[in-house]
Amino acid sequence: MDDDWFEKVDQSKEIRTKLHFYFHDNATGEHQSVWVVAKSEITHISPTNFGLIYMVDNLMTVGPEPSSEVLGRVQGSPGFADLNNTAFALGLNFVFTEGKYKGSSICVLGRNPVLEKVREVPIVGGTGVFRMARGIAITSLFSHKWCVRECNRVTSTLNELSGLWKKLNRVKYIQHNE
């Protein structure tokens, strides 16, 4: 990869991309994708699970069923980080392995108050067509039947060449430049 892209950032035009997809948290079973990796000394007595940290590698699909068309994986680490309210400190990468955005990724990093019906999580970066992405992911409860989250994401990016428990993770807009 050359560094010419950086010189072209000021010449880039910002564009927005709206994405809608689902990802599947599986905490148990044959296709488990969520694992506890750490606990604090007080996790067992904390009403908010403070210090409990997970590592995830979740399936990302077009529809809510796991058999739906695969788009990629959601990989990262949510951890309970609030002593008084149930909320994650969330760091996730949405890695596209198929389709139009294959080879690109979007990074979210921020606070996720998991018990609120509607939540907003910042998009802080990306790779490929989502290089220098920024935007938001709006999340809300989807289903308790499977561990599925629906995503609507809106991202802005600068691009020199072209432009658990079954939850709904709705990603609103993704802006990027072309």
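The values are calculated or read from the model by the stated rules, or taken from the named source; none is laboratory data. The structure presented is a predicted model; accordingly, all values stated were derived computationally and were not measured. Neighbour counts run over all protein chains shown; Cβ positions are idealised from the backbone, glycine included. Protein only, heavy atoms only, side chains kept; ligands, DNA and RNA dropped before computing areas. Shrake-Rupley method; radii C 1.70, N 1.55, O 1.52, S 1.80 Å.
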The range 48-108, convex hull of Cα, quarter of hull surface, nm² -> 4.6
Rounded to one decimal in nm, the spacing of the 7 Å Cα→Cβ label points at Val70 and Arg111 is 3.7
With a ≥ b ≥ c from the Cα gyration tensor eigenvalues, square-rooted, and the rule rounded for a/c under 1.5, otherwise prolate when a/b > b/c and oblate otherwise, the range 12-62 is oblate
Under a point spin-label approximation (7 Å from Cα along Cα-to-Cβ), what is the Thr86-Thr28 distance to one decimal in nm? 1.7
Expected sort for 56-63, 103-110 on mean C-beta neighbours within 10 Å, highest first, is 103-110, 56-63
Before I look further, what does the range 7-115 give for accessible area per residue, probe 1.4 Å, in whole square angstrom? 56
Calculated Rg and Dmax of the range 82-135 using C-alpha coordinates, Å: 13.3, 42
